[in-house]
Amino acid sequence: MVEEAKVLLLGSRFSMFGMRAKIALAEKGIKYEYMEEDLTNKSPLLQEMNPIHKKIPVLIHDGRPICESLIIVEYIDMVWHSNYPLLPSDSYHKAQARFWADFVDQKVYHASKRVWISEGDEQEVAKKDFLQSLKQLEWFLGDKPYFGGDTFGFVDVALIPFYCWFYTYETFGNFKVEEVCPKLISWAKRCMQKESVSETLADGNDVYEAVVDYKKKFISN
Amino acid sequence: MADIKLHGFWYSPFTVKVKLTLELKGIPYENIEEDRLNMSAQVFQYNPVYKRVPVLVHDGKPICESTIIVEYIDQIWPYYPLLPTDSYERALARFWVKYADDMPVPAIGSLAQSSNDEEQEKAIEKIWEHLRVIEDQRFNNNVKKFFGGDTINIVEIAFGPLVRFIKVLEEALEVKVLGDEKFPHLQSWYNNFKDVPVIKENLPDQNKMVAVIKFYREKLLGSS
């Protein structure tokens, strides 16, 4: 059976995109091998499996690579469809889930990066954009326990890895997400009660230290 | 019978993607032409997040973002399937659709809005970079007529309108981007694509597109 073929995940410890794949695999109870990539010295395997972007995560299933984190999660959901579906079966709700997962990539990610990279006025704009994007997600969440409704789903997988980066954004940007988006923080804490999430997300302080180190090495004047 | 409305701009490659999908599947719909300079309140109501078209409204429920709309249509109307059934092939098709959305699109946008030679050259070089990847990585060793084999699929839908838009920009801005020698496989694929009867009937007219691009550039840049 194709599901039983070997599964290998190339990832990186603090990458929220890699965490998405890990959470999806854990939710489905899939056994896999993990390989940590040093992004400053990419392995020949990564370069061979993702020649176009040379980025992680890459899922290698039965020797064939699947790239791009949300595409990987959809692939996992399709191949192991009987265990704990992540996407709704209803087409309209599926489209909504895809829309909001894509929103995390288009809006949340880019603004969040600018929060810790930029300074001064640029950083203020980034903060505003970042918090605005979280508020929009909070609006979509509404009173549901998860973005997936009663159960943890596709958008939850897409967004929750960013939670371990919140401390970094908050420290660099001098703000608290909870003051602006309390419902979202409640949602995040609810997700953290799931083993697939708590075992996957990096420690917030470790992320912060790594980012400080990265900035010193590659960004600071 | 389902009530389907499409809000879009006839000349936008994103709207064209959705139209081609509906036409290929023979799905009747009402086309609502929006004015870029004066969009209807409905668009803002249906797409409060991005406030842009295309928006598909199916029995009163809006679906936004062209790639998501195309997949939605494909799921509801399985006639003329656009996604491969095999999970791996599907993931690969989605990879190229995402590549089309993320890579050439911003560069094409920059070219469309470029106000001087330097900006134009920079945008064209960026487009070349991405077309080179498509030419070498996607078409290399690929002897099939289309991404979907003998029939077009979701990857055609993603790239076709973009290539068409590049050709329109070439004429409107009097620049060279594609060339038979530069990207021969891409060119040959595109020639096959635009000759598919449903595509031929529904790709917007080149001359009209050139005229509208020139019009908007004048509005945007204050010069022709």
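The values are calculated or read from the model by the stated rules, or taken from the named source; none is laboratory data. Keep in mind that what you see is a predicted model, and the values were worked out from it rather than measured. Glycine gets a Cβ as well: all are built from the backbone with ideal geometry, and neighbour counts include every protein chain shown. Accessible surface is based on the protein model in full, side chains and every heavy atom, while ligands, DNA and RNA are left aside. Shrake-Rupley method; radii C 1.70, N 1.55, O 1.52, S 1.80 Å.
Observations, loosely collected:
- In the set B:Lys200, B:Lys122, B:Lys219, only one residue is touching a residue at least 24 places away in the same chain (Cβ under 8 Å), in a helix (DSSP H, G or I) and of a type outside the set (Val, Ile, Thr); that residue is B:Lys219.
- Residues that are of a type in the set (Val, Ile, Thr) and within 15 Å of B:Glu170 (Cα to Cα) within the stretch B:185-219 comprise B:Val210, B:Val212, B:Ile213, listed in sequence order.
- For the stretch B:141-153, the criterion of being modelled with pLDDT under 95 and within 14 Å of another protein chain (Cβ to nearest Cβ) is met by at least one residue.
- Against the test of being surrounded by 19 or more Cβ atoms within 10 Å (Cβ to Cβ) and away from chain A (no Cβ under 11 Å), the options B:Ser87, B:Ser114 yield a single qualifying residue, B:Ser114.
- Residues (open to solvent by less than 30 Å² (accessible area, probe 1.4 Å) and in contact with a helix residue (DSSP H, G or I) (Cβ under 9 Å, 6 or more places away or on another chain)) located in the stretch A:44-57: A:Ile56, A:Pro57
- Hits in the stretch A:33-66 - residues which are assigned to a loop (DSSP other than H, G, I, E, B), of a type in the set (A, V, I, L, M, F, W, C) and within 13 Å of chain B (Cβ to nearest Cβ): A:Ile52
- Conditions (1) of a type outside the set (Asp, Glu); (2) touching a residue at least 40 places away in the same chain (Cβ under 8 Å); (3) open to solvent by 30 Å² or more (accessible area, probe 1.4 Å); number of the one not met by A:Ser69: (3)
- Unmet requirement for B:Asp101, which otherwise passes all of (1) at pLDDT below 95; (2) more than 10 Å from chain A (Cβ to nearest Cβ): (2)
- Among the conditions (1) part of a helix (DSSP H, G or I); (2) within 21 Å of B:Thr151 (Cα to Cα), the only one that B:Gln42 does not satisfy is (2).
- No other residue among B:Val175, B:Val155, B:Val97 is in contact with a Phe, Trp or Tyr (Cβ under 8 Å, 6 or more places away or on another chain) and among the β-branched types (Val, Ile, Thr) apart from B:Val155.
- Selection of the stretch B:53-72 for residues being assigned to a helix (DSSP H, G or I), in contact (Cβ under 8 Å) with a residue 12 or more places away in the chain and at the interface with another protein chain (Cβ under 9 Å from one of its Cβ atoms) yields B:Thr67, B:Ile69, B:Glu71, B:Tyr72.
- Check on A:Asp129, among the acidic types (Asp, Glu) and within 11 Å of another protein chain (Cβ to nearest Cβ): no
- Where helices (runs of 4 or more DSSP H) fall wholly inside the stretch A:116-221, the ranges with 2 or more residues that are more than 22 Å from A:Phe103 (Cβ to Cβ) and in contact (Cβ under 8 Å) with a residue 12 or more places away in the chain are A:166-173, A:195-198, A:204-214.
- In this entry, A:Phe140 is excluded by the filter for residues that are closer than 23 Å to B:Tyr50 by Cβ and crowded, with 17+ Cβ neighbours inside 10 Å.
- Condition check for A:Phe103: in a helix (DSSP H, G or I), away from chain B (no Cβ under 14 Å) and aromatic (Phe, Trp, Tyr): no
- Going through (1) touching a Lys or Arg at 6+ places or on another chain (Cβ under 8 Å); (2) surrounded by 18 or more Cβ atoms within 10 Å (Cβ to Cβ); (3) under 30 Å from A:Pro57 (Cα atoms) one by one, B:Lys17 falls short only on (1).
- Filter pass, A:Tyr109 being at the interface with another protein chain (Cβ under 9 Å from one of its Cβ atoms), within 28 Å of A:Gln136 (Cβ to Cβ), among the hydroxyl-bearing types (Ser, Thr, Tyr) and in a helix (DSSP H, G or I): no
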